[in-house]
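The values are calculated or read from the model by the stated rules, or taken from the named source; none is laboratory data. Predicted model only: the values in this text are computed from it and were never measured. Positions of Cβ are backbone-derived with ideal geometry, glycine not excepted, and every protein chain shown enters the neighbour counts. The protein model used for the area step is the full one, side chains on, heavy atoms only, and it has no ligands, DNA or RNA in it. Shrake-Rupley method; radii C 1.70, N 1.55, O 1.52, S 1.80 Å.
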Amino acid sequence: MTVSRDPATGPLSGLRVIDASTLFAGPMAAMHLGDLGADVIKVEHPDRPDPSRGHGAAKDGVNLWWKTLGRNKRAVTANLSAPGGRQVLLDLVGRSDVLIENFRPGTLERWGLGPDVLAAHNPRLVLARVSGFGQLGPYRTRPGFGTLAEAMSGFAAMTGDPDGPPTLPPFGLADGIASLATAFAIMTALHARDRTGRGEVVDVAIIEPILAMLGPQITRWDQLGTVQPRTGNRSANNAPRNVYCTRDGHWVAVSTSAQSIAERVIRLVGRPELVHEPWFAHGADRARHADELDAAVGGWIAERDRAEVVAAFEAAQAAVAPVYDAADIVADPQFQALGTIHTVDDPELGPMAMQGPLFRMSGHDAVIAFTGRPHGADTEAVLAGLGYPAERIATLRAEGAI
């Protein structure tokens, strides 16, 4: 799907967002807003660009992760600890709706850019502060990354095989969840601003949003004094639920969260007598018989190729999905029908495919106008738009402020 967009047509057009954050929750929240038409200005240090520019795979020396994370953002440099760079940010704040930052708590205040100063320049500003542990508490000044949140939230403790170690995800899961929470919080604060006329300070601790994704573990501990054990690919709440290998060497995932689906699966694999067992009527009881159910489902699947397995499950209205990698995703007709994969012309690498925005809207397009820009590529244009003459821009550059 090749896309283009007039920035003035997005549902968030007219909203200006300053992204002064790095790696990864803050920049990803700004990316979501930019996908929806917000004018996002990425502010980076002149000598220390966002580390995500060097994260992950590259082609011909050009980082690929940044092309996605930096999309729909104009790139500006400013040294916020220098007087000239500080003034650049304040001038941007005066004409913006949102500022996203993820410096360690206290850093903005040390630079003379605390919430009170920012509010004095723009009382309607929404300041979104993203940090590992939040703006309060004994851990507030610790370095904070998504990995630590995945460990402290309970995610790692409940992930992995029963006889194996706690397991961390191979990607920024906590950061991604925090980015969604941050974008949601920003929109909530903007809605409140419409009523009150005043901006808000939003405090997002990366250790918190992931908790909401992990189910009622806190309530379970409070009421029962128990914690969810590691169960591998199985579930403690239903069975069969696992990944199974097909005859042609592929993997498929089966879920039976609904009782009717569980019955269809077991009848499909030729074990209808199990449906009449007293324990089969409840998901937790089925989970205690996971060995028997996995043997039935896994044995049936192992005798068939993936295409046959998927077709049979679909005909039986049972829940199955192939385990995909990126090559499978781009070829899948469902993702193609949704327009999930967007192809955008990149000035450095040419046509480039990437995952698109999170959802579709009937009245507005949310698409990718351009890929991640080079470090500081738009500094002069943005400052000129603030009324800076060329001579002042040159002076700021000579001073190392931009």
Cα centroid separation - region 146-190 against region 325-341, whole Å: 25
Tensor-based shape of region 21-99 (alpha-carbon gyration tensor, a/c under 1.5 rounded, otherwise prolate or oblate): oblate
Rounded to 10°, Cα long-axis angle of helix 83-93 versus longest principal axis of the chain: 60
Global form of region 1-150, assessed from the alpha-carbon gyration tensor, a/c cut-off 1.5: oblate
Charge dipole of region 185-245 about the Cα centre (unit charges at C-beta), most positive-ward option of A212, Q223, N237: N237
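For the chain, which whole-number percentage of the solvent-accessible area (1.4 Å probe, protein heavy atoms only) is attributable to carbon and sulfur atoms?
Its accessible area is 55 percent carbon and sulfur atoms.
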Estimated dipole of region 270-402 in Debye, rounded to 20 [Cβ of Lys and Arg +1, of Asp and Glu -1, Cα centre]: 400
Test item: Cα-centred dipole of region 348-402, Lys/Arg +1 and Asp/Glu -1 on Cβ, debye: 140
Solvent-accessible heavy-atom area per residue, rounded to whole Å², over region 245-402 at 1.4 Å: 54
Alpha-carbon centroid distance for the pair region 35-94 / region 194-256, whole angstrom: 32
Helix-derived mean residue ellipticity, 222 nm - over the chain, DSSP H n ≥ 4, -39500 (n - 2.57), to 500: -10500 deg cm²/dmol
Per-residue SASA entry for S362, accessible area with 1.4 Å probe, Å² rounded to 10: 130
Rounded accessible area of E277 (nearest 10 Å², 1.4 Å probe): 70
Principal-axis tilt of helix 259-268 within the chain, Cα atoms, nearest 10 degrees: 60
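With a/c under 1.5 counting as rounded, go ahead and sort region 323-382 into rounded, prolate or oblate using the C-alpha gyration tensor (a ≥ b ≥ c being the square roots of the eigenvalues; past the cut-off, prolate if a/b is larger than b/c, else oblate). Working shown, then result.
Values: a/c = 3.13, a/b = 1.62, b/c = 1.93.
Judged from the Cα gyration tensor, region 323-382 comes out oblate (a/c at least 1.5, b/c at or above a/b).
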Antiparallel bridge percentage (DSSP; both residues within the chain; nearest 5): 40
Around A287: net Lys/Arg minus Asp/Glu count, Cβ-Cβ under 10 Å: +3
Surface accessible to a 1.4 Å probe, L118 within the full protein complex, Å²: 0
